[in-house]
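Have a look at the structure below before the remarks.
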Amino acid sequence: MGQKIGNIGVLNLINATEESIKDIVHIENVGLLLYSPKTASLLTKLHIGNIGKSSLIESEYRLNSGMFILDNSYLKAVTEPTRMFVNGVVIVHNDVSLELLNDSECEFIINGVAYTPSHLKGAVQTIFKETTGSILTYEGKEPIPKIGKVNIDNNFLQSLSGDENFIINGKLYLDENLDTDLFNQKINRLDVNGMAVIYENQVSIFSTKGLVNGKITTIPAGFKLLKTKLFIDGHSIRRFRGQPIYAEQPIILNKNVSREMFSKAFTSIESTSYIVCHENIEDLVYEALSNFETEVYVYSQILRYVDEETWNQNDLSLLEQETTLIVEGLLSIEGDVNKNFFEKISAIELIGNIHVSSSEMKAIVQKLVKTAKGSIINVSSNQREPELDNIGELTL
């Protein structure tokens, strides 16, 4: 049976051939599809579902993903016509000379954003043949690229010389105790491609410096930001002493957290994720929530939280009666399993995925699902899941 592939950031078919695609039967979820005139006919032979964007590219183009710095050194090194497709961000260095740009043998297609010194914008546009995003200008120092999670606090600001420009591909956090005067002095501009998390009292100062291509999350004044998943029991709950919290990840409350413990620990909870609690404190959890849309998953007896696990019949036999399963990531149930063992499960809150090995097992599991945000997938030989999954860039 042919290969199935899922979740590809960039699928490069510019130089694909009949031979290179012959073993692929299905591709699902492609962020960017690149193909050339000579490979366009191959698209009809591939079953591709959910394409975010596709671009027709000449085969002589080179592909670059992420950040590309265009400076004098690069322009001097290019001595023959060069074509580049950049999937991400191009930063034109402030040392680039107008003469080199005008004489350049380079040609760019950009699926993203370009940053250039103001005085070079006109010349830059002559070598940027196509840009799906914006060409933004900057003054002074060239932007400093940052990828992933970036936390700006006072120590970070003190390490800067001043008037810095930043490009952040990922998630930006402004520290709760940020010195806004120091921030204003050290930061000239912040461009965020992704998400910015800031506090209410920082909105005005951030708006003068920050440009967000994505989402801005504002934390209410006085709230403590929690960035990680929390498993809280009767002992660890003592860390919380009535301070309002803002949670980005799940909060899982143990059965031994009493009503009195919870009331003393949390006065208000703002959550962009979900909360798991015992039925004894369900009403208190809802009262503490400031966001009506936050999901609350409740269990009555035993809780089993699954991130990524593989079970067989023996694992199921060891479950206690009245177990509630919270499946966050992937639960794989392998082999033949006596259906009586599933009777120990009272409910399944399905946030991630469950892989089963037969149609009968899938039907049994489906009856137990209370919340279905994920999928139950039969991975038997005739319904196989993708053999390759979550690939940043794939060239065929």
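The values are calculated or read from the model by the stated rules, or taken from the named source; none is laboratory data. Bear in mind that the values here come from a model prediction, so they are computed numbers and not experimental data. Here the Cβ positions follow ideal geometry from the backbone for every residue, glycine too, while neighbour counts run over all protein chains shown. SASA here: full protein model, heavy atoms, side chains in, ligands and nucleic acids out. Shrake-Rupley method; radii C 1.70, N 1.55, O 1.52, S 1.80 Å.
Would any residue of the stretch 183-209 have its amide N under 14 Å from a label point 7 Å out along Cα→Cβ of residue 141? List them or say none. It comes to 183-191, nothing else.
Modelled spin-label separation between residue 372 and residue 358, with each label point placed 7 Å from Cα along the Cα-to-Cβ direction: 2.1 nm.
Computed over protein heavy atoms with a 1.4 Å probe, the carbon and sulfur contribution to the accessible area of the stretch 92-239 reaches 46%. Axis angle, to the nearest 10 degrees, between helix 359-368 and the longest C-alpha principal axis of the chain: 80 degrees. Charge dipole of the chain (Cα centre as origin; +1 on each Lys and Arg Cβ, -1 on each Asp and Glu Cβ, all else neutral): 360 debye, rounded to the nearest 20.
For the stretch 30-132, the solvent-accessible area works out to 47 Å² per residue, with a probe of 1.4 Å and every protein chain left in place.
Shape of the stretch 5-81 from its Cα gyration tensor (a ≥ b ≥ c, root eigenvalues): rounded if a/c is under 1.5, otherwise prolate when a/b > b/c, or oblate? Taking the square roots of the gyration eigenvalues as a ≥ b ≥ c, the stretch 5-81 is prolate. Candidate cross-link partners of residue 370 among the aspartates and glutamates, defined by an alpha-carbon separation under 16 Å and a same-chain spacing of 8 or more, comprise 279, 295, 322, 328, 343, 349. Computed with a 1.4 Å probe over protein heavy atoms only, the accessible surface of the stretch 249-335 comes to 48 Å² per residue. Exceedance of the 26 Å cut-off in Cα-Cα distance is limited, within the set 171/362; 215/373; 76/186; 53/171, to 171/362; 76/186. Length available on full extension from residue 301 to residue 118: 0.36 nm per residue minus the Cα-Cα distance, which gives 59.5 nm. Protein heavy-atom surface of the stretch 286-364, 1.4 angstrom probe: 41% of the accessible area is carbon and sulfur, with nucleic acids and ligands not counted. Rounded if a/c is under 1.5, else prolate if a/b is larger than b/c, else oblate: which is the stretch 228-365, with a ≥ b ≥ c the root eigenvalues of its Cα gyration tensor? Prolate, since a/c reaches 1.5 and a/b exceeds b/c. Think of the stretch 252-302 as a dipole: +1 on every Lys or Arg Cβ, -1 on every Asp or Glu Cβ, centred on the Cα centre; then among 274, 297, 252, 252 lies furthest on the positive end. Please work out whether the chain counts as rounded, prolate or oblate from its C-alpha gyration tensor, where a ≥ b ≥ c are the square roots of the eigenvalues and a/c under 1.5 means rounded, while otherwise a/b larger than b/c means prolate and anything else oblate? It is oblate, given that a/c is not under 1.5 and a/b is not larger than b/c. Taking 7 Å steps out from each Cα toward its Cβ at residue 215 and residue 64 produces label points 3.1 nm apart. Under a Cβ-Cβ cut-off of 10 Å, what is the net charge of the residues other than residue 167 that fall near it, where Lys and Arg count +1 and Asp and Glu count -1? Local net charge: 0. Taking label positions 7 Å along the Cα-Cβ direction at both residue 134 and residue 340, the computed distance is 6.7 nm, reported to one decimal. If you take the Cα centroid of the stretch 209-224 and the Cα centroid of the stretch 33-64, the two points sit 37 Å apart. Considering only DSSP beta bridges with both partners in the chain, what is the antiparallel share in %, to the nearest 5? Roughly 0 percent of the DSSP beta bridges within the chain come out antiparallel.
Dipole size of the stretch 38-85 about its Cα centre, with +1 on Lys/Arg Cβ and -1 on Asp/Glu Cβ: approximately 180 debye, rounded to the nearest 20. Counted by Cβ distance under 13 Å from residue 155, the other residues give a net charge of -2, where Lys and Arg count +1 and Asp and Glu count -1.
Charge tally around residue 96: other residues with Cβ under 11 Å, Lys/Arg +1 each, Asp/Glu -1 each, net -3.
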